[in-house]
2 protein chains.
Amino acid sequence: MNKIAKGIESLRTEMKAAGVQAFYISGTDPHQSEYVPDHWQGRAFISGFTGSAGTVLVSQNEAALWTDSRYFLQAERELEGTGIQLMKLGMAETPSPVEWIGNQLFKGEKLGVDASCLSINQFNSFQKELSKFQIEVSPVEDLLMNVWENRPTIPVDKIFEHDEKFVGQTRRDKIEHLRQEMKKSGADYLLITALDDLAWTLNLRGTDVDFNPVFLGYGVIGLEKVWLFVDEVKLEKPLREKLTYEKILLKPYNEVNSFLNEISVSSQMLIDPSKTNQQLFNNLSDKCHPVYRNSIPTELKAKKMGIEIDHIHHAMRRDGVAMVEFLYWLNQTVGNEEITELDVARKLHDFRSKQANFFGDSFFPIVGYREHGAVVHYHVTDETAKNIQPNGFLLVDSGGQYFDGTTDITRTIALSEPTEQEKKDFTLVLKGMIALATAKFPEGTKGCNLDLLARKALWQHGLNYGHGTGHGVGYFLNVHEGPMSIRQEFNEYAIQSGMVISNEPGLYRDGEYGIRIENLIVCVEKGELGFGKFLGFETLTLCPIDQKAITISLMDSFEIDWLNQYHQRVFDELSPLLDDKKKTFLKELTQPIHS
Amino acid sequence: MNKIAKGIESLRTEMKAAGVQAFYISGTDPHQSEYVPDHWQGRAFISGFTGSAGTVLVSQNEAALWTDSRYFLQAERELEGTGIQLMKLGMAETPSPVEWIGNQLFKGEKLGVDASCLSINQFNSFQKELSKFQIEVSPVEDLLMNVWENRPTIPVDKIFEHDEKFVGQTRRDKIEHLRQEMKKSGADYLLITALDDLAWTLNLRGTDVDFNPVFLGYGVIGLEKVWLFVDEVKLEKPLREKLTYEKILLKPYNEVNSFLNEISVSSQMLIDPSKTNQQLFNNLSDKCHPVYRNSIPTELKAKKMGIEIDHIHHAMRRDGVAMVEFLYWLNQTVGNEEITELDVARKLHDFRSKQANFFGDSFFPIVGYREHGAVVHYHVTDETAKNIQPNGFLLVDSGGQYFDGTTDITRTIALSEPTEQEKKDFTLVLKGMIALATAKFPEGTKGCNLDLLARKALWQHGLNYGHGTGHGVGYFLNVHEGPMSIRQEFNEYAIQSGMVISNEPGLYRDGEYGIRIENLIVCVEKGELGFGKFLGFETLTLCPIDQKAITISLMDSFEIDWLNQYHQRVFDELSPLLDDKKKTFLKELTQPIHS
């Protein structure tokens, strides 16, 4: 019997003991994180599937894994021989997890869930949907506890302060701001569960997960006191003393549940039901009334402060220098030395790590040569890494965590003279990127109202891309952050000044190549003329766009002017930081074009 | 004591007798209609306010009317001396009706509502919101019954058939289609409550309300039978016999409630909770389980059939002829004869009524000269009608009901050489109209994703308009119909082929002038190139756009080409139907422009 089958067998024994006929593994952690510490990678343990998205359901007779199209091939390979069925999300014939459970279980039976890894919203939705089948959702312990041998422990990495010279506001001021917002809602407490919300509020950072500089913990803001729930060993004595001096009360990570349970005074607590797990909710004292509201720290941190934007500009210059050095290396190397996609990823990291204030990569770089560029979330490995030849498109999506900003940039590089179709595709993507970068719109406009700008040129030619156009980006925090977005789907949050967002249209031709051009932009005010306040964007990212791949006749004079001005700015801001060879190289890459 | 005060006093007596401390007058009818028969104009009776939108609340001590900014001035005037307070919707200081009731009533008291004039959704929302104040929502009789002397009776106008030569599908086929959809939802019955849904389903029309060719009635589609609830006198014998022959069972209008109540077999009924009144819901038999679903007739009728589109093209030609004759008359008359906005409205009606298949206006025309054009829903009356001089902008928004189509068109006419600002404004509006008319977009795109096209040129100049860009238009039915829309606000319905929608960006300068250019467009398929099916629009409306008001330098060659081709088409399609004088006139109006 293989390892997977054995794990599932043990889990079924645990299920019987717990009195549930099926068990759900959400794939996330108690903080609803995108990147999850190894301790909570139960999906990979139980199924063998190593992709970054998916959920698993196990009944007494069957087991299934739901994942999206990015991972169909990988999941098929990894699930082979495990007896776990692959459920392809987005296909008409695929049953939803709820339908699957409804089919597997009899009326009156129970679905077990680890309530600590399910948000209140998810739990309620399960409960509502499954009640139609008369199936009960039963919060049980984490049943993997006794099943998973050598399970990684919960990380206890050290927490560090985000240096005062980089922060936008002291934690005292942030807490004060949160309290003002709490008072507006008549709340006595604010529960902070998302790791980036907690890190932002307290100006603390950590290394508990890959790429996101966050640490495991919970926070509770009271009107007078603040409680921070983290493992004691994570705090060195000086920081512990400093926090204590600032009247931030330290409690063990696990005590958040008993803390919530022991609130003995009639009170109200602000809770974000999409970010708070059901176990916390279940533990909340009867005296404490939950008030549902979207996370206030999430809303506040999305609007970067002036001082943060200033820092980001500095970080962008250093990231731009690293990118130009990378492009120079690529130009020198391709065709002369044997390099693979993986070498490119490593080289990018090397160039960034030489820059001041560098902390690490902001995500695992996507380096897609030729047809790999068409795999939107391509994850290069030793096995898949292609050799890069002096021809075709190379798509490189990467970013850095700096103490003074988080970057995320995509460039698509033509390693030889592109074909007419390649140039047309590249130009249409670029037109979309410029259209969004130069948008002007009234206050209150939402992402779904703006997304068209990035797509219109492609749509006019019957082309499209299957991902969103823009996501929020943290400030030395998660490269993906909410609450707003720029995409076709509705998102209730308007785009507001100070928000840092990615601008990344693309085009992907299966089996041929992928194109994506991504800059970060920041929303700024654009004045008002009697028709309300208008907003727009400024581009933050500084790196040349490959002009070899442009069909100039497809661009109008406004777009050409924008590109020339952008390239002039890239040269002006980066060249003082480059040696002569690279300065000359950059000068060539940023030559103005003419219609 | 004036008439209004007397009415309110009597209402308060009725309230006491019914045991409620406040009473709500919704302003609509049992069908949630936009245009309401006089019988249900209780808002106007009780308050004296004659605007087309508003709600009234009466408590034992106070009374208040909520309406929107279009009607602030009118309401202030009409409410003077009545003791009814004007509640200005959209102002921060205005309490919501729920807040007002919460303030007026004590815990445990009751708000009375006429459940027949409140949708299920509205009723539930009231109940939920008022439960916070521990106030009960109590469905009582229509308390105006004994208060309103000489109340207009429920109209018993004759119903007529939509001629077979114009309909897109027989009612038998429509009913069959509805039954297929019902079966997908496992439903035994479909309840039809919206008057346009009913008229569409049965290919019947009426004259019970202004402008919308509908009749009062309810329908129930069963899997075998169809019930139509209408007053018997509305059906002449031949039609009654025809319907009976087609197995459509006729029942009196009021018997719908007892019918629902007497369903004795366990069954499921599809109900649209936004279109079905709470009284019907309350009367539904315990045996019959309501299944909530958006109205299927609403969804089906929005996608016009090929044969309907063909007819609409014909209607558009005749409507275009009427418009050209109107423009010719205007050109001959302004400056030579004294004419007012009201004369323009009458003249428009006259020109349309000379056309074949004309049935009536599709709404009360908006004729706004100079600053009146900036009042978005300006309703000209004898008192307000301005004299029209040979200078400034005249905005004319009008439409006709033809047996073969419903039209809705806005043109803004420069009665002298416009100023630079006027021309710039006009051109920016036109650019938006052209951008939407020439859109190309993937299947699944929603109105909020497309709305930007109509606004982008304005937004780039810091300008905007405060209304939606596009509403659905019926086929010899209501000029406003759902379910889709093109506006900033999210609407779950995608734009689908066959949908007829208005394309009407505008710009309004308070106290100066208003500009709106409106054509109807129909969504059509635009092929597919490996990136999914694409859709676009064809413009249906045929009428010249005033080129005097264009700043050509603001338009790009694509826009100029579109306008020239459109004008060529307008001339080609309308000129054969015009006499020589008007043909020459149209030739001038449709001359190509050059950059």
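Structural remarks
- Estimated distance in nm for a label pair at residue B:353 and residue A:419, the labels positioned 7 Å out from Cα along Cα-to-Cβ: 6.6
- Karplus 3J(HN,Hα) series, Hz, for the range A:270-280 with 6.51 cos²θ - 1.76 cosθ + 1.60 (x for Gly, Pro): 6, 9, 8, x, 8, 10, 10, 7, 5, 5, 4
- Partner lysines whose Cα lies under 25 Å from the Cα of residue A:237, excluding those fewer than 8 positions away in the same chain, are identified as A:158, A:165, A:174, A:225, A:247, A:251.
- The aspartates and glutamates whose alpha-carbon is closer than 20 Å to the alpha-carbon of residue A:128, local same-chain residues fewer than 8 away aside, are A:99, A:109, A:114, A:136, A:272.
- In degrees, nearest ten, helix A:171-184 long axis to first principal axis of chain A (Cα): 60
- Centre-to-centre, using Cα atoms only, the range A:1-80 and the range B:433-494 are separated by 44 Å.
- Neighbours of residue A:205 by Cβ distance under 11 Å: Lys/Arg scored +1, Asp/Glu scored -1, total -4.
- Pairwise centroid distance, computed over Cα atoms, of the range A:219-285 with the range B:307-338, Å: 72
- Considering only B:63, B:90, B:112, and ranking their Cα positions along the charge dipole of the range B:36-168 that arises from unit charges at the beta-carbon of Lys, Arg, Asp and Glu, the one farthest toward the positive end is B:90.
- Taking every protein chain into account, the 1.4 Å probe leaves residue A:69 with about 80 Å² of accessible area, to the nearest ten.
- Using alpha-carbon coordinates, inclination of helix A:120-131 to the longest axis of chain A, degrees: 60
- Dipole of the range A:179-280, positive end: most advanced residue of A:202, A:218, A:185 [Cβ charges, Cα centre]: A:185
- In loop segments of the range B:316-386 as defined by DSSP, the trypsin sites (Lys or Arg not before Pro) with at most 15 further C-beta atoms inside 10 Å of their C-beta are B:354.
- Restricting the range B:77-179 to GluC sites (Glu not before Pro) that sit in a DSSP loop and have at most 15 other Cβ atoms within 10 Å of their own Cβ leaves B:80, B:93, B:141, B:149, B:164.
- Rounded to the nearest 20 debye, dipole of the protein assembly as shown from Cβ charges on Lys, Arg, Asp, Glu: 360
- Annotation for residue B:17 and residue A:244: the two label points, set 7 Å from Cα along the Cα-Cβ direction, are 7.7 nm apart.
- Residue A:349 sits with roughly 70 Å² accessible to a 1.4 Å probe, with DNA, RNA and ligands left out of the calculation.
- For residue A:361, distant residues with modelled amide H under 5 Å away: A:401
- If you plug the beta carbon distance of residue A:524 and residue A:157 into 1/(1 + (r/R0)^6) with R0 = 45 Å, you get a FRET efficiency near 0.80.
- Cα-based shape type of the range A:45-173, given that a ≥ b ≥ c are square roots of the gyration tensor eigenvalues and the cut on a/c is 1.5: prolate
- With θ taken as phi - 60° and the Karplus curve 6.51 cos²θ - 1.76 cosθ + 1.60 applied, the whole-hertz 3J(HN,Hα) list for the range B:140-147 is 10, 4, 5, 5, 6, 2, 8, 9 Hz, x standing for glycine and proline.
- Spin-label model, residue B:38/residue A:492: points 7 Å from Cα along the beta carbon direction are separated by 4.5 nm.
- Sites residue B:538 and residue A:336 - FRET efficiency at Förster radius 51 Å, r taken between beta-carbons, to 0.05: 0.35
- Amide H contacts of residue B:87 (H built 1.01 Å from N, under 5 Å, at least 5 apart or other chain): B:65, B:66, B:67
- Listed residues A:334, B:273, A:502: farthest to the positive end of the dipole of the protein assembly as shown (Cβ charges): B:273
- Formal net charge of residues neighbouring residue A:475 (Cβ-Cβ distance under 12 Å; K, R +1; D, E -1): -1
- Over 24 Å (Cα to Cα) - which of B:548/B:582; A:440/A:583; B:354/B:581; A:184/A:287; A:354/A:587 fall in this group: A:440/A:583
- Built amide H within the under 5 Å cut-off of residue B:135, gap 5+: B:108
- Per-residue accessible area (protein heavy atoms, 1.4 Å probe) orders B:172, B:487, B:205 as B:172, B:487, B:205, starting from the largest.
- For the range B:28-38, Karplus couplings with θ = phi - 60° (6.51, -1.76, 1.60), whole Hz, Gly/Pro x: 10, 10, x, 10, 6, 6, 6, 9, 10, x, 3
- Of the GluC sites (Glu not before Pro) found in the range A:207-252, the ones in coil according to DSSP and having at most 15 other Cβ atoms within 10 Å of their Cβ are A:224, A:236, A:246.
The values are calculated or read from the model by the stated rules, or taken from the named source; none is laboratory data. Fair warning: this is a prediction, and the values are worked out from it, not measured in the lab. Neighbour counts run over all protein chains shown; Cβ positions are idealised from the backbone, glycine included. Note: accessible area is taken over every heavy atom of the protein model, side chains too, but ligands, DNA and RNA are not part of it. Shrake-Rupley method; radii C 1.70, N 1.55, O 1.52, S 1.80 Å.
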